[in-house]
Amino acid sequence: MDIGRRLQEIRTERGLSQRELANRAGLTNGTVSLIEQNKTSPSVASLKCLLDAIPISIAEFFATLEEAQPAKYFYGRNEFIEISPQSGGPSVSLRQLGNASTHTLQILDETYPPGSDTGPELLTHEGEEAGIVTEGRIEITVSDQIRELGPGEGYLFESRLPHRFRNTGDTVCRIISACTPPTF
């Protein structure tokens, strides 16, 4: 997906200048410009800040048009929607099951390569989220608590609490997670 073009389309549809969006998101105008030109990819946390400033959820941002399509209940592994921007260095992959903007539940297949994280800024959004680690280890920060989880261990918290995910290990970490409502 062309993240920069999509961000620019939504920004202009909402009547926002690059400068106004940057101010609302706490980023520089130059950063927004580089993202819109696809010269840099935002971290998951930075993209969330930009979308919160519009406001639009990540699920809505990456939604594909399925209006005239018949109801779909099953998805192959190649039919998930990648909702995390890819940048230099180890990139987090957040693959969404279906179009979460048309449901009350968002399911993600998350992959964290060694050294990857959701970004230096802590994430916050409405709703609750939960997940189970299926492979590797992940360090999760929720508010003032930090915990490392391994296979078979999970988490459940109110998403308004500041949170961050980091793979500090040397193997890939996989998580299957859910967010309701799909405000991420």
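The values are calculated or read from the model by the stated rules, or taken from the named source; none is laboratory data. In this text, all values refer to a predicted model and were calculated from it rather than measured experimentally. Here Cβ is always computed from backbone atoms with ideal geometry, including for glycine, and neighbour counts include all displayed protein chains. For the accessible areas, the whole protein counts, side chains as well, though only heavy atoms, and no ligand, DNA or RNA atoms are used. Shrake-Rupley method; radii C 1.70, N 1.55, O 1.52, S 1.80 Å.
See the values below:
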quantity	calculated
Residue among Leu105, Leu94, Leu161, Leu156 that alone is of a type in the set (A, V, I, L, M) and within 22 Å of Ile3 (Cβ to Cβ)	Leu94
Some residue of region 2-9 being of a type in the set (A, V, I, L, M, F, W, C) and either at pLDDT below 90 or surrounded by fewer than 17 Cβ atoms within 10 Å (Cβ to Cβ) (or both)	yes
Selection from region 114-144 of residues that are at pLDDT 95 or above, surrounded by 17 or more Cβ atoms within 10 Å (Cβ to Cβ) and within 28 Å of Leu27 (Cα to Cα)	Glu129, Ile138, Glu139, Ile140, Thr141, Val142
Cβ pairs under 7 Å, 6+ apart, first in region 150-173 and part of a loop (DSSP other than H, G, I, E, B), second of a type in the set (Lys, Arg) and surrounded by fewer than 13 Cβ atoms within 10 Å (Cβ to Cβ)	none
Top-ranked residue in region 95-132 [being of a type in the set (A, V, I, L, M) and outside any loop (DSSP other than H, G, I, E, B); ranked as nearest to Ser43 (Cα to Cα)]	Leu123
Within region 49-85, considering residues that are open to solvent by 10 Å² or more (accessible area, probe 1.4 Å) and part of a helix (DSSP H, G or I), the one modelled with the highest pLDDT	Ala53
